[in-house]
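The values are calculated or read from the model by the stated rules, or taken from the named source; none is laboratory data. Everything numeric in this text was worked out from a predicted model, so none of it was measured. Reconstructed Cβ throughout: ideal geometry from the backbone, glycine too, with neighbour counts over all protein chains shown.
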Amino acid sequence: MCPPAHFMVTYSINPWMDPAKPVDLPLAMTQWEDLRDRYRALGHTVELLEPLPGLPDMVYAANGATVVDGRVLLARFAHPEREGEAAAHHDWFRSAGYASVHEPAHINEGEGDFAVTSSYVLAGRGFRSSPLSHGEAQEFFGRPVIGLDLVDPRYYHLDTALSVLDDATDDVMYYPGAFSPGSRAVLARLFPDALRATERDAAFLGLNAVSDGRHVLLPQAAVGLFEPLRDRGYEPIGMDLGELLKGGGSVKCCTQELRS
Ligand code: ARG
């Protein structure tokens, strides 16, 4: 995770971002700290990335890389405003001693567009990550990569529209309206029992969730997801990341998972 020390909305690279809307920085920091503390209270280790001035979106740490089996596929950002973040993630992985770190040839925005289940790497395309990054990820991870077409600009990253609930059983939740008809059919075929979110819950970025297989941390406003999650045996934990929502991200965007 990366603290939102320099968080601001000064440019707009997704429909959620309105530079005219003020951001309450101390509140953003408190909300982010709540998320960090919640992970720690649940027994998870949180590594921190040093925030850099001039990179206001760095708080969305999920976009910096994708780690599977301890192998690191770095990001290459689509927008020049975020390009500088890639090197910071690279430095972090190098000093943390990761041996297998791949600098990508093609644009990919890390876990913004890659979601990992036990069987697949699901990969979004259409707004940010290049379709060519999917083959690159498949080659690097040696796992089948399933390309999914995102069609609604509000759900510009895969992690705004789909969340892996249990990576051992391939349980996922997603908002069908974010995907092309063909990709919806692919999802229905691969995950016939998936939890399908309503438009309302998706619009609070309810799919931008992080699950450890038992606890599901998600935006608290996505109230319609809580009961279905409980019915499936999960413990939903609502988080208020309202200030970070102004940049177009929530729980998952602020969290990069280090899969060993
Ligand atoms: N303002 C950021 C951007 O548009 C938000 C990134 C959200 N991150 C995510 N994993 N979806 O790039």
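Which residues, counting only those in the stretch 204-234, are assigned to a helix (DSSP H, G or I) and either within 16 Å of the ligand (Cβ to nearest atom) or of a type in the set (A, V, I, L, M) (or both)? Val223, Leu225, Leu229 - these are the residues of the stretch 204-234 that are assigned to a helix (DSSP H, G or I) and either within 16 Å of the ligand (Cβ to nearest atom) or of a type in the set (A, V, I, L, M) (or both).
For the stretch 1-47, the tally of residues that are assigned to a loop (DSSP other than H, G, I, E, B) and within 29 Å of Ala96 (Cα to Cα) stands at 14.
Of all residues in the stretch 32-50, those being over 17 Å from the mean Cα position of the chain (by Cα) and farther than 15 Å from Ala86 by Cβ number 10. Scan the stretch 10-26 and report the pairs whose first residue is away from the ligand (no atom under 11 Å from the Cβ) and whose second residue is outside any loop (DSSP other than H, G, I, E, B), with Cβ atoms within less than 7 Å and a gap of 6+ or a chain change. Listed by first residue and then by second, the contacts come to Val23/Glu243; Asp24/Glu243.
The rows are residues; the columns are (1) over 18 Å from Val116 (Cα atoms); (2) in contact with a His (Cβ under 7 Å, 6 or more places away or on another chain); (3) among the basic types (Lys, Arg).
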residue	(1), (2), (3)
Leu187	no, no, no
Pro192	no, no, no
His215	no, no, no
Glu227	yes, no, no
Arg232	yes, no, yes
Pro236	yes, no, no
Lys246	yes, no, yes
Val251	no, no, no
Thr255	no, no, no
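Pick from Gly84, Gly43: which is touching a residue at least 12 places away in the same chain (Cβ under 8 Å), surrounded by fewer than 16 Cβ atoms within 10 Å (Cβ to Cβ) and over 17 Å from Lys246 (Cα atoms)? One residue alone meets the criteria, Gly84. Screening Ala168 on (1) more than 15 Å from the ligand (Cβ to nearest atom); (2) modelled with pLDDT of 95 or more; (3) over 19 Å from Val251 (Cβ atoms) shows it passes everything except condition (2). Taking the listed residues Leu245, Leu258, the one that is more than 17 Å from Ala203 (Cβ to Cβ) and within 16 Å of the ligand (Cβ to nearest atom) is Leu258, with no other qualifying.
Among the residues of the stretch 1-40, those identified as within 22 Å of Tyr155 (Cα to Cα) and of a type in the set (Gly, Ala, Ser) are Ser12, Ala20, Ala28. The single condition among (1) within 22 Å of Leu73 (Cβ to Cβ); (2) assigned to a strand (DSSP E or B); (3) in contact (Cβ under 8 Å) with a residue 60 or more places away in the chain that Ile237 does not satisfy is (1). Inspect the stretch 210-225 for any residue being among the acidic types (Asp, Glu) and crowded, with 18+ Cβ neighbours inside 10 Å and give the result as yes or no. Among the residues of the stretch 210-225, not one is among the acidic types (Asp, Glu) and crowded, with 18+ Cβ neighbours inside 10 Å, which makes the answer no.
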